[in-house]
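Have a look at the structure below, then the notes.
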Ligand code: FES
(Lines give C-alpha, C1' and ligand atoms only; values in the text may rest on other atoms or scores of the structure.)
Protein backbone atom coordinates (compact mmCIF):
# COMPACT_ATOMS: atom_id res chain seq x y z
CA UNK A 1 0.00 0.00 0.00
CA UNK A 2 1.56 3.37 -0.99
CA UNK A 3 2.16 5.94 1.68
CA UNK A 4 -0.24 8.95 1.58
CA UNK A 5 2.65 11.41 1.54
CA UNK A 6 2.96 11.82 -2.29
CA UNK A 7 -0.74 12.67 -2.58
CA UNK A 8 -0.44 15.19 0.22
CA UNK A 9 2.60 16.73 -1.47
CA UNK A 10 0.70 16.95 -4.76
CA UNK A 11 -2.17 18.72 -2.97
CA UNK A 12 0.25 21.23 -1.46
CA UNK A 13 1.81 21.91 -4.86
CA UNK A 14 -1.64 22.39 -6.45
CA UNK A 15 -2.53 24.82 -3.69
CA UNK A 16 0.68 26.77 -4.26
CA UNK A 17 -0.01 26.91 -8.00
CA UNK A 18 -3.53 28.19 -7.34
CA UNK A 19 -2.19 30.88 -5.02
CA UNK A 20 0.40 31.92 -7.59
CA UNK A 21 -2.36 32.16 -10.20
CA UNK A 22 -4.52 34.23 -7.90
CA UNK A 23 -1.62 36.55 -7.14
CA UNK A 24 -0.97 36.93 -10.85
CA UNK A 25 -4.61 37.79 -11.45
CA UNK A 26 -4.41 40.36 -8.69
CA UNK A 27 -1.45 42.04 -10.37
CA UNK A 28 -3.28 42.03 -13.69
CA UNK A 29 -6.39 43.57 -12.16
CA UNK A 30 -4.35 46.22 -10.40
CA UNK A 31 -2.64 47.11 -13.67
CA UNK A 32 -6.01 47.60 -15.38
CA UNK A 33 -7.47 49.67 -12.56
CA UNK A 34 -8.35 53.23 -13.51
CA UNK A 35 -9.03 54.41 -9.97
CA UNK A 36 -5.77 56.34 -9.77
CA UNK A 37 -6.51 58.34 -12.90
CA UNK A 38 -10.27 58.53 -12.74
CA UNK A 39 -10.46 60.18 -9.35
CA UNK A 40 -11.79 57.16 -7.50
CA UNK A 41 -15.52 56.78 -7.06
CA UNK A 42 -16.50 60.39 -7.65
CA UNK A 43 -19.33 60.82 -10.19
CA UNK A 44 -18.63 61.77 -13.82
CA UNK A 45 -20.63 64.97 -13.49
CA UNK A 46 -20.91 67.37 -10.53
CA UNK A 47 -23.73 66.69 -8.09
CA UNK A 48 -23.72 70.31 -6.93
CA UNK A 49 -22.81 73.60 -8.65
CA UNK A 50 -19.07 74.06 -9.05
CA UNK A 51 -17.38 77.43 -9.53
CA UNK A 52 -14.64 77.19 -12.14
CA UNK A 53 -13.24 80.71 -12.09
CA UNK A 54 -13.29 83.53 -14.60
CA UNK A 55 -15.25 82.83 -17.77
CA UNK A 56 -12.65 84.89 -19.63
CA UNK A 57 -10.13 82.08 -19.08
CA UNK A 58 -11.93 79.99 -21.71
CA UNK A 59 -10.76 81.17 -25.15
CA UNK A 60 -13.45 82.14 -27.66
CA UNK A 61 -13.54 79.38 -30.27
CA UNK A 62 -11.65 77.06 -27.91
CA UNK A 63 -12.03 75.17 -24.67
CA UNK A 64 -10.43 74.77 -21.27
CA UNK A 65 -9.90 71.58 -19.30
CA UNK A 66 -10.54 71.70 -15.54
CA UNK A 67 -8.92 68.38 -14.83
CA UNK A 68 -9.22 68.52 -11.03
CA UNK A 69 -12.97 69.16 -11.47
CA UNK A 70 -13.27 66.60 -14.29
CA UNK A 71 -14.89 69.18 -16.57
CA UNK A 72 -14.31 70.73 -19.98
CA UNK A 73 -15.83 74.08 -20.90
CA UNK A 74 -15.89 75.21 -24.49
CA UNK A 75 -16.74 78.64 -25.83
CA UNK A 76 -17.99 78.40 -29.41
CA UNK A 77 -18.78 82.14 -29.55
CA UNK A 78 -18.37 85.21 -27.33
CA UNK A 79 -20.50 84.73 -24.20
CA UNK A 80 -21.66 81.19 -25.08
CA UNK A 81 -20.39 78.29 -23.04
CA UNK A 82 -20.88 74.53 -23.18
CA UNK A 83 -19.62 72.11 -20.56
CA UNK A 84 -18.97 68.38 -20.56
CA UNK A 85 -17.70 65.82 -18.15
CA UNK A 86 -13.97 65.25 -18.71
CA UNK A 87 -14.29 61.63 -17.62
CA UNK A 88 -13.73 59.27 -20.52
CA UNK A 89 -16.77 57.17 -21.43
CA UNK A 90 -14.58 54.15 -22.16
CA UNK A 91 -13.27 53.20 -18.72
CA UNK A 92 -13.47 56.37 -16.69
CA UNK A 93 -10.04 57.99 -16.90
CA UNK A 94 -9.95 61.77 -16.73
CA UNK A 95 -8.91 63.50 -19.95
CA UNK A 96 -5.43 64.99 -19.63
CA UNK A 97 -5.21 67.65 -22.32
CA UNK A 98 -6.89 69.34 -25.25
CA UNK A 99 -5.11 69.02 -28.60
CA UNK A 100 -6.45 70.68 -31.73
CA UNK A 101 -10.00 70.87 -30.41
CA UNK A 102 -10.01 67.33 -29.07
CA UNK A 103 -9.88 66.14 -25.48
CA UNK A 104 -7.34 63.35 -25.08
CA UNK A 105 -7.73 60.33 -22.83
CA UNK A 106 -4.31 59.21 -21.57
CA UNK A 107 -5.43 55.65 -20.80
CA UNK A 108 -6.27 54.15 -24.20
CA UNK A 109 -6.12 57.11 -26.59
CA UNK A 110 -9.77 58.05 -27.07
CA UNK A 111 -10.40 61.56 -28.35
CA UNK A 112 -13.49 63.74 -27.91
CA UNK A 113 -14.61 66.84 -29.79
CA UNK A 114 -14.59 69.49 -27.05
CA UNK A 115 -17.29 71.54 -28.80
CA UNK A 116 -19.83 68.70 -28.94
CA UNK A 117 -18.53 66.02 -26.54
CA UNK A 118 -18.70 63.47 -29.36
CA UNK A 119 -16.19 60.61 -29.37
CA UNK A 120 -14.06 61.07 -32.49
CA UNK A 121 -11.53 58.32 -31.82
CA UNK A 122 -12.00 55.03 -29.93
CA UNK A 123 -12.09 52.87 -28.08
CA UNK A 124 -14.71 55.17 -26.51
CA UNK A 125 -17.89 55.42 -28.58
CA UNK A 126 -20.27 57.31 -26.28
CA UNK A 127 -20.10 61.10 -26.08
CA UNK A 128 -18.98 62.96 -22.96
CA UNK A 129 -22.04 63.76 -20.81
CA UNK A 130 -23.15 67.40 -21.09
CA UNK A 131 -23.12 69.46 -17.91
CA UNK A 132 -25.18 72.64 -17.43
CA UNK A 133 -23.01 75.77 -17.21
CA UNK A 134 -23.75 79.45 -16.68
CA UNK A 135 -21.91 82.68 -15.99
CA UNK A 136 -22.54 84.63 -12.81
CA UNK A 137 -20.60 87.81 -12.11
CA UNK A 138 -18.06 86.82 -14.72
CA UNK A 139 -17.47 83.38 -13.20
CA UNK A 140 -18.38 80.01 -14.67
CA UNK A 141 -20.69 77.84 -12.59
CA UNK A 142 -21.07 74.24 -13.77
CA UNK A 143 -23.42 71.55 -12.58
S1 LIG B 1 -10.48 55.09 -20.41
FE2 LIG B 1 -10.32 56.56 -21.98
S3 LIG B 1 -9.76 55.43 -23.70
FE4 LIG B 1 -9.98 53.94 -22.19
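The values are calculated or read from the model by the stated rules, or taken from the named source; none is laboratory data. Owing to the predicted nature of the structure, the values given are computational and were not obtained by experimental measurement. Don't worry about glycine lacking a Cβ; one is built from the backbone with ideal geometry, like all the others, and counts go over all protein chains shown.
Does residue 103 satisfy being in a strand (DSSP E or B) and either modelled with pLDDT under 95 or away from the ligand (no atom under 16 Å from the Cβ) (or both)? Break it down into steps so the answer makes sense when it comes.
Numbers: in a strand (DSSP E or B): yes; either modelled with pLDDT under 95 or away from the ligand (no atom under 16 Å from the Cβ) (or both): no.
No, not satisfied.
Among (1) part of a loop (DSSP other than H, G, I, E, B); (2) exposed (fewer than 14 other Cβ atoms within 10 Å of the Cβ); (3) touching a residue at least 40 places away in the same chain (Cβ under 8 Å), there is one condition residue 91 misses while meeting the rest; what is its number?
(2)
Do we find a residue being in a loop (DSSP other than H, G, I, E, B), within 13 Å of the ligand (Cβ to nearest atom) and on the phi > 0 side of the Ramachandran plot anywhere in segment 49-61? Explain how you work it out, then say what you get.
Here is the first cut: in segment 49-61, the residues in a loop (DSSP other than H, G, I, E, B) are 49, 58-61.
Imposing the further condition that a residue be within 13 Å of the ligand (Cβ to nearest atom) reduces the set to none.
Taking every residue of segment 49-61 in turn, none turns out to be in a loop (DSSP other than H, G, I, E, B), within 13 Å of the ligand (Cβ to nearest atom) and on the phi > 0 side of the Ramachandran plot.
Quick check on residue 114: is it more than 13 Å from the ligand (Cβ to nearest atom), surrounded by fewer than 14 Cβ atoms within 10 Å (Cβ to Cβ) and free of Cβ contacts under 8 Å to residues at least 60 places away in the same chain? Steps first, please.
Details: more than 13 Å from the ligand (Cβ to nearest atom): yes; surrounded by fewer than 14 Cβ atoms within 10 Å (Cβ to Cβ): no; free of Cβ contacts under 8 Å to residues at least 60 places away in the same chain: yes.
Answer is no for this residue.
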